[in-house]
Every structure is written in C-alpha cells, then in structure tokens.
Amino acid sequence: PMQPDTDLGPLATPGILQDLDQQVQAATKSGGKVLTGGHPLSDRPGNFYPPTIIIDIPPDTPIAKEEFFGPVALLFRVPDIDAAIKLANDSPFGLGASAWTTNDQECDRLVEEIEAGAVFINSMVKSDPRLPFGGTKRSGYGRELSIQGIHEFVNVKTVWVK
C-alpha cells in the first residue's frame with residue numbers, strides 16, 4: 001500500500017481476500033458477468049483485489065443478497081424507479097444507499113422509500129464525523145459519529161425528586 005502507484009489498498013487479511021474471491025466466483029456461476037477485475041492480483045505481495053464490476057446477476061439468487069466487503073460493485077438494471085426501490089429494499093441489509101437522479105420527485109421517493117440507515121443522492125455513501133452513520137435490518141442498529149453516535153455510549157439517568 002505504500003507504493004506510489006497504489007490507488008487502492010489491500011484487504012485486511014488473506015481470509016477476507018479468499019472470501020471475496022469466492023463471492024465473485026459464485027456470482028459468475030449464478031449468471032453474472034464480470035466487466036472488470038474478478039480475480040485477486042498476483043503481481044504483488046499482499047491481499048490486493050482489483051475494483052470489480054459484475055452485471056446480469058439474477059436478483060433472486062442468494063449471492064445477490066450478500067454483502068461484499070471489498071471493491072466489488074454489483075450492477076442491476078431495472079426498468080423504472082418502482083423496480084429500483086423494490087430491488088433495493090429486497091436486501092436483508094440496509095447500511096447505505098446511493099441513488100442518482102436529477103428529478104426532484106424521484107429524489108423525494110428514493111429518500112423516503114429506500115430502507116437504509118443513510119441515503120445519498122448523487123453521491124457515494126461515505127461517513128462524515130458530523131453526521132450519524134449506521135444501518136437498518138441486518139446492517140446493525142444504533143449510530144456512530146455525531147451527537148447521536150456519542151449518545152450510543154452513555155447511560156442516561158433519569159432522576160425525579162419530589
């Protein structure tokens with residue numbers, strides 16, 4: 001990761017690298033097609049996995065409902081906003097969602113209807129210490145960062161004296 005030509009760092013452990021590669025291979029066995037990446041980098045030491053984009057994964061396959069902890073993007077094509085919201089909410093996870101639109105009505109629907117701890121419109125999901133960050137569904141509960149995150153670590157005591 002310290003080399004000047006490194007744009008993307010390694011995964012934390014060889015096990016994580018192996019798990020991620022197994023998920024990518026499972027996605028291709030389920031019908032997905034790799035547009036770029038798709039195999040660990042072997043031209044350098046370390047746990048490097050290239051940015052990978054996979055398309056055409058059938059949405060009803062188990063691999064379409066998994067979290068990929070690495071630089072892998074699953075790209076699903078949908079006919080309209082209703083199908084996009086349905087597909088997004090069909091996940092057992094809900095950490096963050098990134099949606100792209102220039103239509104104000106679509107923006108309002110995406111923010112209101114996507115079941116996630118954070119919805120970013122026309123931006124990638126990211127954490128910011130000024131904003132609460134956390135998920136819904138199997139992506140956890142509670143928040144970190146911001147004042148809401150600090151409150152997760154305190155025990156509030158109610159005292160009533162009459």
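Is it the case that some residue within the range 116-123 is in a loop (DSSP other than H, G, I, E, B) and at positive phi? Yes - at least one qualifying residue is present in the range 116-123. Within the range 115-162, being in contact (Cβ under 8 Å) with a residue 24 or more places away in the chain, closer than 20 Å to residue 92 by Cβ and among the hydroxyl-bearing types (Ser, Thr, Tyr) holds for 136, 139. Among the residues of the range 104-129, the ones that are under 16 Å from residue 67 (Cβ atoms), among the β-branched types (Val, Ile, Thr) and touching a helix residue (DSSP H, G or I) at 6+ places or on another chain (Cβ under 9 Å) come to 0 in all. Would you confirm whether or not the range 93-113 contains a residue that is surrounded by 14 or more Cβ atoms within 10 Å (Cβ to Cβ), within 21 Å of residue 137 (Cα to Cα), modelled with pLDDT of 95 or more and not aliphatic (A, V, I, L, M)? Yes, the range 93-113 contains a residue that is surrounded by 14 or more Cβ atoms within 10 Å (Cβ to Cβ), within 21 Å of residue 137 (Cα to Cα), modelled with pLDDT of 95 or more and not aliphatic (A, V, I, L, M).
Any idea which residue in the range 94-114 is farthest from residue 63 (Cα to Cα), counting only those that are in a loop (DSSP other than H, G, I, E, B) and in contact (Cβ under 8 Å) with a residue 24 or more places away in the chain? Across the range 94-114, the extreme among qualifying residues is 114. Considering only residues that are aliphatic (A, V, I, L, M) and in contact with a Leu (Cβ under 8 Å, 6 or more places away or on another chain), look in the range 114-123 and name the one that is surrounded by the fewest Cβ atoms within 10 Å (Cβ to Cβ). Looking at the filtered set, the residue picked out is 121.
In the range 60-69, the count of residues that are on the phi < 0 side of the Ramachandran plot, crowded, with 16+ Cβ neighbours inside 10 Å and without any contact (Cβ under 8 Å) to a residue 40 or more places away in the chain is one or more. Just one residue in the set 46, 32, 37 is over 22 Å from residue 137 (Cα atoms), in contact with a Phe, Trp or Tyr (Cβ under 8 Å, 6 or more places away or on another chain) and outside the structural domain of residue 139 (by TED's automatic domain parsing); that residue is 37.
The values are calculated or read from the model by the stated rules, or taken from the named source; none is laboratory data. Here the structure is a predicted model, which means the values were calculated and not measured. Neighbour counts run over all protein chains shown; Cβ positions are idealised from the backbone, glycine included.
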